[in-house]
Amino acid sequence: MSLIELSSVLWRTRELMELLLFKLEEEQVLLASGRSRWLAHATREVEMVLEQMRETEVIRAAHAQAAAVELGLPAEASLGEIADAAAAPWSDLLHEHRKSFLTLTAEISGLAATNRDLLSAGQRAARETMMIIAGSVETYGSKGQSVSVGHRARLVDEAI
């Protein structure tokens, strides 16, 4: 029965999504603490989980297609449509999978966005530090383009 195979691959997908969430949290801890030594390893682990998810997604799509056809639905039916058409207890189980996927996806998206922000902030800080060491400062020109400004005389209001 294709619902059994579909449920099995959905469990595997949930496990992988939870593992991805964990790996993103690990990455966030490294980024937030400023400890970049293991960042490449953490990123590689995230990429490995994503690759496993891509492979599992192909299998999930095939089983979902088979289950949809078995239930008299179009082959491209969504998980929600398959769950609605399935008899109990499959319907409840598939709806639970769907609910879990929505929750995990929101959590993963939020963590990924936070990690991107932390990476951008770290990259900016490193760039600014390197520019200070090099003796030049980057600013914006009259047309919005980025321009480097070398050493030049500056007026300082000592009254401030």
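Quick note: the coordinates plus some simple rules give every number you see, no bench work behind them. Computed from a predicted structure; not experimentally measured. Note that each Cβ is placed from the backbone with ideal geometry, even for glycine, and that neighbours are counted across all protein chains shown.
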* State the Cα centre-to-centre distance between region 33-47 and region 86-103 in whole Å. => 34 Å
* To do: Describe numerically, in nm with one decimal, the distance between label points set 7 Å from Cα along Cα→Cβ at Thr114 and at Glu81.
  => 3.6 nm
* To do: Scan around Leu73 for amide H atoms under 5 Å from its own, H built in the peptide plane at 1.01 Å from N, and keep only partners 5 or more places away or cross-chain.
  => none
* Structure fact -> Each label sits 7 Å from Cα toward the beta-carbon; between Glu5 and Ala32 the label points are separated, in nm, by 4.2 nm
* HN-Hα J in Hz across region 8-14 - Karplus 6.51, -1.76, 1.60, θ = phi - 60°, x for Gly and Pro -> 4, 6, 5, 4, 4, 5, 4
* Asked: Which residues in region 73-87 have a backbone N closer than 15 Å to a point placed 7 Å from the Cα of Thr105 along the Cα-to-Cβ line?
  -> 77-83
